[in-house]
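The values are calculated or read from the model by the stated rules, or taken from the named source; none is laboratory data. These numbers come from a predicted model, not from an experiment. Virtual Cβ from ideal backbone geometry, glycine too; neighbours counted across all protein chains shown. The area values use the complete protein model at the heavy-atom level, side chains included, leaving out ligands, DNA and RNA. Shrake-Rupley method; radii C 1.70, N 1.55, O 1.52, S 1.80 Å.
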Amino acid sequence: MKYLVMVQGSQADYEAMAGKPSGDSPAWSEKELQAMYAFMGAINNDLAETGELIDAQGLAEPAQARFVSKGKDGRPVITDGPYGETKEVLAGYWLLECASLERVTEIAQRITECPGPEGLVEPPVVIRPVPEFSGGEC
């Protein structure tokens, strides 16, 4: 079964990683950033070795996002930057092929152990099964 394992973050989180703290997002030091990158790299390497890793990506800050929706008149509404109604957005993901929900849950638990600065409040890691449809169904 394929699973999408997602981590979320806010614009404030990205700014904190650039050294600008706010609220629940303490500033990250260069040493803390390097520890986080090393931690994530080790997870990726381990998952590649087991054959479970299909893809993994970190995403750009929400300020670089574009949201497209349909307006009441049926025309597209395009909004740049952080979406006002949403504090957190997808910050990165892993697409994995695992033998069971229990296995992917073990991986998600490992992800929650990622190092960060003192006082960091991290959102939960989200697991979503990716069903396989036949015949082009959505």
ask   = Has region 79-89 got at least one residue that is within 26 Å of Ala18 (Cβ to Cβ) and assigned to a helix (DSSP H, G or I)?
value = no
key: Residues within region 14-48 that are polar (S, T, N, Q) and more than 18 Å from the chain's Cα centre (by Cα), tallied   = 2
ask   = If we scan region 68-81, do we find a residue that is on the phi > 0 side of the Ramachandran plot and open to solvent by less than 60 Å² (accessible area, probe 1.4 Å)?
value = yes
From the options Leu96, Leu90, residue that is touching a residue at least 60 places away in the same chain (Cβ under 8 Å) and within 16 Å of Ala12 (Cα to Cα) = Leu90
ask   = Is there a residue in region 40-52 that is closer than 14 Å to Gly116 by Cα, in contact (Cβ under 8 Å) with a residue 60 or more places away in the chain and either open to solvent by less than 30 Å² (accessible area, probe 1.4 Å) or aliphatic (A, V, I, L, M) (or both)?
value = yes
